Amino acid sequence: MKSIKVNLGRRSYYIVIGSGAIRCLSGLLRRYLLGYDNAYVVTNAYLYKKYGSLLINTFKAAGIGIKVRLVPDDEKAKSLAVAGSLLGDIAVFSKSRRVFIVAFGGGVIGDLAGFVAAVFRRGIPYIQIPTTLLAQVDSSIGGKTAVDLRQGKNLVGAFYQPRLVVSDTDFLKSLSLRERRSALAEIIKYGLIKDRSLFVYLERSLRAVLGLKSKALAFIVRRASKIKAQIVSADEREEKGLRTSLNFGHTIGHAIEAAGGFTRYNHGEAIALGMLVSSEISLRLKLITPLVFARIERLIGKAGLPVKIKGLKLNDIIRAHYHDKKFVGAKNRFVLLEGIGRFRVQENVPEELILRAVRQRM
Ligand SMILES: NC(=O)c1ccc[n+]([C@@H]2O[C@H](COP(=O)([O-])OP(=O)(O)OC[C@H]3O[C@@H](n4cnc5c(N)ncnc54)[C@H](O)[C@@H]3O)[C@@H](O)[C@H]2O)c1
Ligand SMILES: [Zn+2]
C-alpha cells in the first residue's frame, strides 16, 4: 500500500492510501500506536450501519478493544456540547485503559474527534480514517481540529496532528455525486496552485474519476494528499504564507457560501466559483493568459461544478466578502495564479477589479 509522510519532526506521521487500505490497519496500529489497546471510535449512524462490522472486525483482529460513539450526521456535531459529551464518555472509558481516538467519517467527524483528542488530558493520540473525498484530500491531513460556535465556524480549535491517516478509497464509492463533485473542486485547486500534472490528469481522466474507477480515485487522493502533506510540513501553522495558498478560491468562495445562506451552494461549489473569480482577477492583471483561463473554466464545468453565480445579489456577496477573516488589517489578500500549478499571494487587489470579476460570473 502506498504511503505519504507528513514531515513534522517528532510529530511526523504517515497517510496510507489505496483501495482496501483499511486491511493494513492492524499492522499499522502495532507500529504507530504501540501500547494503546483501546479505541474510542467516533462516527455516525449511517456510517456505522454501512461499515460498522468491517471496522469492529478490523480492530478485533488487531486485539484492540473498541467503544463506538455515534454523533449527529450534521455540521451541528461540531459543537462544544457534543465535544463535552464525548469528553465525559472518554473520561469513563479511559479509567483503566490506554485509549486512542478514531475519527471514522467525513470532515465533521474528523474535526470534532481531533479536537476532543487534542484537549482530553491535554492530548491523547488519535487516528483519522476519512470516508469522504474531501476528508481524504483535505481535512484529515494537517492537524487543524475545531468545533463551531453560534458566532461562527471553527472558532474553537487546536493544531493537533494525528498519529496516522488511513484513506481507503473504497469508502468513496458510496458517496453521492454532489459530495464527490464538491471535493473535486479542492482537488482542482491543488492542481492549480501546485501541480500542473494533476490538473492535466483531471482534464484527461475526469470520467474515470467521476465513474469511481479505483485506480483513478487512488491516483487523485495520492497526489492531492502529497501536496497537502508538503504544504503542512513546510508551514504547519500558516505562519509562512505557504499554507495560505490553500485559500485559493476561498476568499470569494466563502462570501458566496455565506451570501447563499450556506444552502444555495455547498463548500466545493462555492469555491469553484471563487476560483473562477480569482482566475478572472489573475487574467485581468495579465498573470495568466486567456487560454489558461479557458482551460480552468472548462475543467470546472466538466466536473459538474457551477461556472455562473445564480440567485445571489452582487451586494450580498461583496458585503459577506468584507467580513472575511482572511483580511490582514484593512488590506484584502488574494491567492492568484501565475499559471497552472503556480500561485502568488497578492494584497490590496483594487476593489473595482474584484467587483468586476464577481460581476463577470453572474
Ligand atoms: N480540518 C481541516 O483542515 C478542514 C479542511 C476542510 C474542511 N473541514 C471541515 O470538514 C467538514 C466538511 O467535511 P465533509 O465534506 O467530509 O462533510 P461531512 O463530514 O459532513 O460528510 C458529508 C456527508 O457524507 C456522509 N458520508 C461520509 N462518508 C461517507 C461514505 N463513505 N459514503 C456515503 N456517505 C458518507 C456523511 O455522513 C455526511 O452526511 C466541515 O465541517 C469543514 O469545516 C476541515
Ligand atoms: Zn475548502
- Query: Residues in the stretch 60-83: is at least one part of a strand (DSSP E or B), hydrophobic (A, V, I, L, M, F, W, C) and closer than 17 Å to Asp168 by Cα?
  - Reply: no
- Listing of strands (runs of 3 or more DSSP E) fully contained in the stretch 143-204 that carry 2 or more residues being within 16 Å of ligand 2 (Cβ to nearest atom): 144-149, 152-159
- Which condition number in (1) away from ligand 1 (no atom under 16 Å from the Cβ); (2) in a loop (DSSP other than H, G, I, E, B); (3) buried (at least 18 other Cβ atoms within 10 Å of the Cβ) is the one that Lys286 fails? (3)
- From the residues in the stretch 206-259 that are among the basic types (Lys, Arg) and at pLDDT below 90, which one is farthest from the chain's Cα centre (by Cα)? Lys240
- Hey, can you tell me all the residues within the stretch 261-283 that are surrounded by fewer than 24 Cβ atoms within 10 Å (Cβ to Cβ), part of a loop (DSSP other than H, G, I, E, B) and within 16 Å of ligand 1 (Cβ to nearest atom)? Phe262, Thr263, Asn266
- Task: Tally the residues that are in a helix (DSSP H, G or I) and among the aromatic types (Phe, Trp, Tyr), restricting the search to the stretch 1-45.
- Result: 1
- Filter the stretch 237-246 for residues that are within 12 Å of ligand 1 (Cβ to nearest atom) and surrounded by fewer than 23 Cβ atoms within 10 Å (Cβ to Cβ); which is nearest to Ala357 (Cα to Cα)? Arg243
- Taking the stated definitions as given, is Gly18 surrounded by 15 or more Cβ atoms within 10 Å (Cβ to Cβ), among the small types (Gly, Ala, Ser) and within 12 Å of ligand 1 (Cβ to nearest atom)? no
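The values are calculated or read from the model by the stated rules, or taken from the named source; none is laboratory data. The shown structure was predicted, so the numbers you read here are calculated from the model rather than taken from an experiment. Cβ sites come from the backbone with ideal geometry, for glycine too, and all protein chains shown count toward neighbours.
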